[in-house]
Amino acid sequence: MARFKVFLEYEGTRYSGWQIQKNARTVQGEIAAALRRVFDNQAFQFQGAGRTDTGVHALCQVAHLDATTVLAPEIIRMKLNDLLPADINILEVEKTHPRFHARHDAVSRSYLYQIARRRTAFGKRYVWWIKEDMNVGAMRRAAALFVGMSNFQSFTDDDPEEKSTTVLVESVSIHEHGALLLLQFHGSHFLWKMVRRVVGVIAAVGRGTLGPDDVTRFLNESVNHPAHLTAPPSGLFLERVYYRGDTVHQTPTPVLNIAHG
């Protein structure tokens, strides 16, 4: 049985997240159905580097695939793409060593969140439009408070697969690109709903409804307030999964361009 490293992108609007679920359409489920056809129902294993929530997108998710096959990696990629819906695309398939594990070998991950500062006829599925004026300087100061090793208990829901709510956030940066604000998060891993709740809190600081002391309190105490500020999934993208030796990309690329109105 050979092991392959799979790179893929998807538009998550129509899916109930990455992970296979009963009675729900998921990205992993769609790919597994295609793999069954490619390998004529022979046994295979397919596991991603991590989960994404309902409606969240991925610019470069990584998975590993175990299969007994004589097909070349490029043939597997082409056959899968012929079977998959248009909102899931296999970018690359490569042979890898049998001990590679998409999740356990990942050393860090980055997420991108897109906020639109004006109403747009295009890309509604890929942004969170905030009508109010926002103080970007205040948002950057708030973002800096999340950097480092912190307990993000206030920024997640109970998740039986997570034993700890402590996360090392290596950087949070905010870039202005036309009418977009691009929030980039890089860290060891991210908890369920964590990035969306951090974005919601940073946006509230930008609006002036929260201040730095509130952010510090949310990190030091267990409170429910961030849950009420959870940003919508439409603007969130799993940007990259990093492995040992990879170069970290510090400047995000917008998924679409929205000029100032």
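Please specify each residue of the range 33-73 satisfying the condition of being among the small types (G, A, S), under 15 Å from V93 (Cα atoms) and surrounded by fewer than 16 Cβ atoms within 10 Å (Cβ to Cβ).
Answer for the range 33-73, where residues must be among the small types (G, A, S), under 15 Å from V93 (Cα atoms) and surrounded by fewer than 16 Cβ atoms within 10 Å (Cβ to Cβ): just A72.
Pick out the one residue from R197, R217, R207, R240 that is of a type in the set (D, E, K, R) and closer than 26 Å to L91 by Cβ.
Going through R197, R217, R207, R240 in turn, the sole match is R240.
In the range 177-219, what count of residues is obtained for those that are among the polar types (S, T, N, Q), in contact (Cβ under 8 Å) with a residue 40 or more places away in the chain and surrounded by fewer than 18 Cβ atoms within 10 Å (Cβ to Cβ)?
Of the residues in that region, 2 qualify.
Please verify whether the range 134-156 includes one or more residues that are surrounded by 15 or more Cβ atoms within 10 Å (Cβ to Cβ), under 21 Å from W18 (Cα atoms), of a type outside the set (S, T, Y) and in the same structural domain as A227 (by TED's automatic domain parsing).
yes
Right, G200: out of contact with any Pro (no Cβ under 6 Å at 6 or more places or on another chain) and within 20 Å of N135 (Cβ to Cβ) or not?
So G200 passes the test.
Pairs only if they're at least six apart or on different chains, beta carbon under 7 angstrom, first in the range 239-256 and touching a residue at least 40 places away in the same chain (Cβ under 8 Å) and not assigned by TED's automatic domain parsing to the domain that holds L182, second of a type in the set (F, W, Y) and in a loop (DSSP other than H, G, I, E, B); list them, first residue then second.
Here the result reads L256/F122, each pair linking the range 239-256 to a residue that is of a type in the set (F, W, Y) and in a loop (DSSP other than H, G, I, E, B).
Residue check: is R117 farther than 19 Å from W192 by Cα and in the same structural domain as D159 (by TED's automatic domain parsing)?
Considered against the rule, which asks whether it is farther than 19 Å from W192 by Cα and in the same structural domain as D159 (by TED's automatic domain parsing), R117 comes out as yes.
Can you pull out every residue in the range 59-76 that is part of a loop (DSSP other than H, G, I, E, B) and either touching a Lys or Arg at 6+ places or on another chain (Cβ under 8 Å) or in contact (Cβ under 8 Å) with a residue 40 or more places away in the chain (or both)?
Result: T68, T69, L71.
For G208, all conditions in the list (1) over 15 Å from the mean Cα position of the chain (by Cα); (2) at pLDDT 95 or above; (3) on the phi < 0 side of the Ramachandran plot hold save one; what is the number of the exception?
The one condition G208 does not meet is (3).
The values are calculated or read from the model by the stated rules, or taken from the named source; none is laboratory data. Computed from a predicted structure; not experimentally measured. Here Cβ is always computed from backbone atoms with ideal geometry, including for glycine, and neighbour counts include all displayed protein chains.
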